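The values are calculated or read from the model by the stated rules, or taken from the named source; none is laboratory data. Everything numeric here is computed off the predicted structure, so don't read it as measured data. Ideal geometry is used to build each Cβ from the backbone, glycine not excepted, and the neighbour counts take in all protein chains shown. For the accessible areas, the whole protein counts, side chains as well, though only heavy atoms, and no ligand, DNA or RNA atoms are used. Shrake-Rupley method; radii C 1.70, N 1.55, O 1.52, S 1.80 Å.
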Amino acid sequence: MTTILNVIGDAVRTGFALCGYDSELGKVTVSNRPDLCEYQCNGAMAGAKQYHKKPIDIANEVVEKLKDMKRDDILMFSEVSAVMPGFININLSQELVKKYLNEMTFREDLGLDAHEGKKIIVDYGGANVAKPLHVGHLRSAVIGETIKRMAKQQGNEVIGDVHLGDWGLQMGLIIAELEDRGQLDEELDIAQLEEIYPFASGKAKEKNEDGTLVNPEFAERAHTATVKLQEGDPKYREVWKRIMEVSVADLKKNYGNLDVHFDLWKGESDAQQYIPGLIQDLIEKGLAYESQGALVVDVNEPEDPKEIPPCMVRKSDGGALYATSDLGTIIEREKLYKPDEYIYIADSRQSLHYTQFFRVARKAGYVRPDEELKFIGFGTMNGKDGKPFKTREGGVLRLEKLIAETNARVLDRIRESRGDEISPEEAEKIASIVGLAALKYGDLSNQATKDYIFDLDKFTAFEGNTGPYILYTIVRISSIIRKFMQEQGMGDDISVKDYIKAHAVDFEILPVEDKSGHTLETLLTRYQDEIKGAWRELAPHRICSYIYEVSNAFNSFYHDVKFLSESDEKKKYGYMSLLMLTWKTLTTCIETLGFSAPERM
């Protein structure tokens, strides 16, 4: 299906062309004054200078061409007018909206028609092995998972890679501490790992009053163990494999609790085999040179507003860096997958790193000229004090605990509102579904690049711009459809989802007389534009804004109209068809955002 903006835009462009003006002036946008009109075109303002005319005169000419314009024999606009100093205000006809929505109903993908056909690697997560996930990992996981789902929705082959930190000093610290405890050959569990790493790290960093290390010999052994591991020491490699098995199993469980799933569980270790060759290659190509003992590559470009420092690819002691590892990873990905596009999701404070290593990859020819390298740098999740989110004791809160606290807060709200109507087991199940929506929507509804305040009271509220409110709306629609199904003689063995899939096309959406209903219908026609716009901008918050608008419109409609008691059967079936399309639109969007709705709340 053609998006509704393109449907309107094609008509307006034709109107400009029929008047002898450049058709490209007919760009249409959603109105920024919905109290005045649904859509607007500002092309007459831009054309005034080009054609030496008053913008209002151009607008009036175009409006005359648009008033009677039809599409498939249907009058397109209920109202189109020129407004000083030259705006064109547009409202769609009810018949056009009706036809468009019924076409959406017949389409499994709601008319998205997305067939981009690219192969895209999404690099997100970035957890460190042998360390528990904490709140700092939330944004990368949640944003990355949504971007991956958005990419798939657009008809792309998508590979999500967690890209683990599995090759650094933390491994040497754990190995050295296991040696001290005589446990190098023993089996490990996650509780041991989570105790050993911070203990060993503190032990290596502890200092005397004069600033010297308390345990310099231990710190040196940890460094040596790291080097030996990276050089392939068989004993240390075996310990490393055991650490990996235990840690990755725990990470999969915790990411799974967020409904975040990766296609690849590769890490920095997988890039190591490519590093000696790429270093040599950069030298031979004349890109890398020595600076104060280190090896660097110039990446600054003349058009840069401020100078970008050289990218260091080898330290003065011969060690590799994140840039080296990321370059090695790109070489491996090109060898194994040959993607058309990369999307990296990480803290915005790493933007310099990504700029540097992207430029080195391009200069060295490690990616094809037409390959896209994109970076989404996210802002910080802060507490109510505006500072990075911490526990009451000032430590970093584990992600597992954050999820548990969110679910507990939701459970309290469910008990307050439903009392003993729901069994404790069902209440806990609902709380886990709604809690996940609260967490994810609370994050995703903010523009990814900006910092935001984590407010658990606000995020778990059942009203306002929150995940629970969106789910409450979906459950409300489900309840109405369920009652309608019972009227049709359907049993509880058929889910609302299956009923809609089988019977949505049995009914026809009709123009709604009520203003709230018309608002809802108009919003639903914008589905394809909103989803494609969110993907184009890599902006999940646009989807959140859209479903919040749809939810508000539906709830206003719900309060204005009694769907099930409508005596006119044709109108009643029209209502049901509109509700089914609303349900499908909202559930499709939340699936893209990475959460689902319960049967009831």
(message) I need the full set of residues from the range 558-567 which are assigned to a loop (DSSP other than H, G, I, E, B) and either open to solvent by 70 Å² or more (accessible area, probe 1.4 Å) or β-branched (Val, Ile, Thr) (or both), in order please.
(response) 561, 562, 565, 567
(request) Considering only residues that are open to solvent by less than 50 Å² (accessible area, probe 1.4 Å) and out of contact with any strand residue (DSSP E or B) (no Cβ under 8 Å at 6 or more places or on another chain), look in the range 330-352 and name the one that is farthest from residue 269 (Cα to Cα). (result) 334
(message) Condition first: out of contact with any Leu (no Cβ under 7 Å at 6 or more places or on another chain) and either part of a helix (DSSP H, G or I) or surrounded by 15 or more Cβ atoms within 10 Å (Cβ to Cβ) (or both). Now tell me which residues in the range 406-423 satisfy that.
(response) 407, 408, 410, 411, 412, 413, 414, 415, 416, 417, 418, 422
(request) Kindly indicate the residue of the range 496-514 that is β-branched (Val, Ile, Thr) and crowded, with 18+ Cβ neighbours inside 10 Å and also nearest to residue 77 (Cα to Cα) among those meeting that condition. (result) 512
(request) Check the range 51-59 and report whether any residue there is in a helix (DSSP H, G or I), touching a residue at least 12 places away in the same chain (Cβ under 8 Å), open to solvent by less than 30 Å² (accessible area, probe 1.4 Å) and closer than 25 Å to residue 575 by Cβ. (result) no
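Give the residues of the range 121-169 that are β-branched (Val, Ile, Thr), crowded, with 23+ Cβ neighbours inside 10 Å and at pLDDT 95 or above, sorted by residue number. Quick ask: steps written out before the conclusion?
Within the range 121-169, the subset β-branched (Val, Ile, Thr) is 121-122, 129, 135, 142-143, 146-147, 158-159, 162.
Right, trim to crowded, with 23+ Cβ neighbours inside 10 Å and you get 121-122, 129, 142-143, 146-147, 162.
Within the range 121-169, 121, 122, 142, 143, 146, 147, 162 qualify.
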(request) Search the range 209-235 for residues that are open to solvent by 40 Å² or more (accessible area, probe 1.4 Å) and pair each with any residue that is of a type in the set (A, V, I, L, M) when their beta-carbon atoms are under 8 Å apart and the residues are at least 6 apart or on different chains. (result) 213/204; 213/219; 215/204; 221/176; 223/169; 235/184
(request) Give the range 515-538 a look and list any residue that's among the β-branched types (Val, Ile, Thr) and open to solvent by 10 Å² or more (accessible area, probe 1.4 Å), or say none. (result) 519, 522
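Does residue 492 satisfy the condition of being in a helix (DSSP H, G or I) and open to solvent by 20 Å² or more (accessible area, probe 1.4 Å)? Break it down into steps so the answer makes sense when it comes.
On the way: in a helix (DSSP H, G or I): no; open to solvent by 20 Å² or more (accessible area, probe 1.4 Å): yes.
When the stated conditions are applied, residue 492 does not pass them.
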(message) Can you list residue pairs whose Cβ atoms sit under 6 Å apart, with the first residue in the range 360-384 being over 26 Å from residue 439 (Cα atoms) and the second being assigned to a helix (DSSP H, G or I) and small (Gly, Ala, Ser)? Count only pairs 6 or more apart in sequence or on different chains.
(response) 367/361
(message) Pairs please, first residue from the range 559-576 and within 18 Å of residue 98 (Cβ to Cβ) and modelled with pLDDT of 95 or more, second anywhere and part of a loop (DSSP other than H, G, I, E, B) and of a type in the set (S, T, N, Q), Cβ atoms under 7 Å, 6+ apart in sequence or on different chains.
(response) none
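Mind checking whether some residue in the range 84-105 is more than 28 Å from residue 584 (Cα to Cα) and without any contact (Cβ under 8 Å) to a residue 40 or more places away in the chain?
Applying the first criterion (more than 28 Å from residue 584 (Cα to Cα)) to the range 84-105 yields 84-89.
After this cut, where a residue has to be without any contact (Cβ under 8 Å) to a residue 40 or more places away in the chain as well, the list is 84.
Scanning the range 84-105, I find at least one residue that is more than 28 Å from residue 584 (Cα to Cα) and without any contact (Cβ under 8 Å) to a residue 40 or more places away in the chain, so the answer is yes.
Which ones in the range 424-448 are outside any helix (DSSP H, G or I) and under 26 Å from residue 253 (Cα atoms)? Explain how you work it out, then say what you get.
Step one: list which residues in the range 424-448 are outside any helix (DSSP H, G or I), which gives 445-448.
The answer is 445, 448.
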(request) Hey, could you check the range 394-405 for residues that are open to solvent by less than 50 Å² (accessible area, probe 1.4 Å) and in contact with a helix residue (DSSP H, G or I) (Cβ under 8 Å, 6 or more places away or on another chain) and say which is nearest to residue 139 (Cα to Cα)? (result) 399
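Per-residue answers, yes or no, for (1) open to solvent by less than 10 Å² (accessible area, probe 1.4 Å); (2) among the aromatic types (Phe, Trp, Tyr); (3) closer than 21 Å to residue 349 by Cβ:
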position: 425; (1), (2), (3): no, no, no
position: 428; (1), (2), (3): no, no, no
position: 434; (1), (2), (3): yes, no, no
position: 437; (1), (2), (3): yes, no, no
position: 441; (1), (2), (3): yes, yes, no
position: 446; (1), (2), (3): no, no, yes
position: 451; (1), (2), (3): no, no, yes
position: 457; (1), (2), (3): no, no, no
position: 465; (1), (2), (3): no, no, no
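Based on what the data block shows, is residue 538 of a type outside the set (Lys, Arg), touching a residue at least 40 places away in the same chain (Cβ under 8 Å) and on the phi > 0 side of the Ramachandran plot? Steps first, answer last, please.
Details: of a type outside the set (Lys, Arg): yes; touching a residue at least 40 places away in the same chain (Cβ under 8 Å): yes; on the phi > 0 side of the Ramachandran plot: yes.
Answer is yes for this residue.
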(request) Determine whether the range 174-190 contains at least one residue that is within 31 Å of the chain's Cα centre (by Cα) and either closer than 30 Å to residue 144 by Cβ or in a loop (DSSP other than H, G, I, E, B) (or both). (result) yes
(message) If residue 286 satisfies all but one of (1) touching a residue at least 40 places away in the same chain (Cβ under 8 Å); (2) open to solvent by 50 Å² or more (accessible area, probe 1.4 Å), what's the number of the condition it fails?
(response) (1)
